[in-house]
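Encoded as structure tokens, the structure appears first; notes follow it.
Coordinate-derived values only; no laboratory data. Here the structure is a predicted model, which means the values were calculated and not measured. Neighbour counts run over all protein chains shown; Cβ positions are idealised from the backbone, glycine included.
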Amino acid sequence: MPTPHEKIAIKATYFSIVGNAGLAVIKAVAGFWGNSYALIADAILYNELDMSRLFAVYELLINRC
């Protein structure tokens, strides 16, 4: 069972993942409409950051068991 501090850290991580996913979608759509490969690449980078955060939460939960 996670401690209260770990629960807060997990909630904050999920919040940042949702926020970054929203920004990634907006950047990808803007890059597609504006023909900007830089914005599309930035959207991909945001998704990579979200994946690393998901792995961090997974590791935190696995280590507690």
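Some notes on this structure:
- Counted residue by residue at 0.36 nm each, then reduced by the alpha carbon distance between them, the extension gain from PHE15 to ILE44 reaches 8.6 nm.
- Nearest-ten-degree value, helix 4-34 long axis tilted from longest Cα axis of the chain: 10 degrees
- Folded to 0 to 90 degrees: helix 37-64 orientation relative to the chain principal axis, Cα: 10 degrees
- Charges were assigned to the Cβ only: +1 to each Lys and Arg, -1 to each Asp and Glu. The resulting dipole of the chain about its Cα centre is roughly 200 debye.
- Rg(Cα)/(2.2 N^0.38 Å) for the chain, N = residue count: 1.39
- Per-residue [θ]222 nm for the chain (sum of -39500 (n - 2.57) over DSSP H runs n ≥ 4, rounded to 500): -32500 deg cm²/dmol
- Spin-label zone in the range 41-55 - amide nitrogen under 16 Å from a point set 7 Å from the Cα of LEU23 along the C-beta vector: 41-54
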